[in-house]
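Peer 1: Encoded as structure tokens, here's the structure I'll be asking about.
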Amino acid sequence: MRLNDLRPGKGARKSRTRVARGIGSGLGKTAGRGHKGQHARAGGTHRYGFEGGQMPLQRRLPKVGFRSLKKADTEEVRLYQLAAIKADTIDLIALHAAGLVTSRAKKVKIVLKGEITRAVKLSGVLATAGAKAAIEAAGGSVE
């Protein structure tokens, strides 16, 4: 076998349909477009969601809610999860290394859930008022 002998398998390439080429082709006269109407005309297409002039469904339904673009960048970490981190200074890099936040997180907030017994220093990480009080009560600090 040589490269010039390579051919697609039998039936792998279907020949294109030639419309409007006479009655014998099976697609003569109207060329498979039916009789009259919008779809029979040249350029007779309509946009996605068009309902023939009736108010489309996506415009009939009310707008609901708000989707924040910042949501994907912000994450929460619970206070008791900080015990899993060995480092004394906790920042975004340390939280990512511990697997507590994803790589796309730009802002992290520590929330008060559970308790912390050892002193930790938060750097470049936000904390709620309750979490900040609990960290400082354990001998830590929040920058």
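Peer 1: Among 99-106, 16-23, how do they line up by average Cβ neighbours within 10 Å per residue, starting with the highest? Present the calculation step by step, with values, prior to reporting the outcome.
Peer 2: Numbers: 99-106: 12.8, 16-23: 10.2.
Put in order of decreasing packing, that is 99-106, 16-23.
Peer 1: Tell me what the chain gives for mean residue ellipticity at 222 nm when only DSSP H runs of n ≥ 4 count, each as -39,500 (n - 2.57), the sum divided by the residue total, rounded to 500 deg cm²/dmol.
Peer 2: Roughly -3000 deg cm²/dmol at 222 nm, from the helical runs in the chain.
Peer 1: In debye, nearest 20, what is the charge dipole magnitude of the chain about its Cα centre with +1 on Lys and Arg Cβ and -1 on Asp and Glu Cβ, if you could check? Don't skip to the end; give the middle numbers.
Peer 2: Values: 29 positive and 10 negative charges, 383 e Å.
Taking the Cα centre of the chain as origin, the dipole is about 1840 debye.
Peer 1: Taking every Cα atom in the range 19-65, find the radius of gyration and the maximum pairwise distance Dmax, and write them in Å.
Peer 2: 17.3, 58
Peer 1: Using only alpha-carbon positions, what ratio does the radius of gyration of the range 36-107 give when scaled by 2.2 N^0.38 Å?
Peer 2: Relative to the rule-of-thumb radius for its length, the range 36-107 sits at 2.27.
Peer 1: Sort largest first and round to whole Å: the equivalent ellipsoid semi-axes of the chain, each the square root of five times a Cα gyration tensor eigenvalue.
Peer 2: 67, 29, 10
Peer 1: Let me ask another. Exceeding 19 Å between C-alpha atoms, which entries from my cross-link table qualify? They are Lys70/Lys113; Lys71/Lys107; Lys14/Lys36.
Peer 2: In this structure, Lys70/Lys113; Lys14/Lys36 lie more than 19 Å apart at Cα.
Throughout, read-outs are computed from the coordinates displayed, never taken from laboratory work. All values reported here derive from a predicted model rather than from experimental measurement. We place every Cβ from the backbone using ideal geometry, glycine too, and count neighbours over all the protein chains shown.
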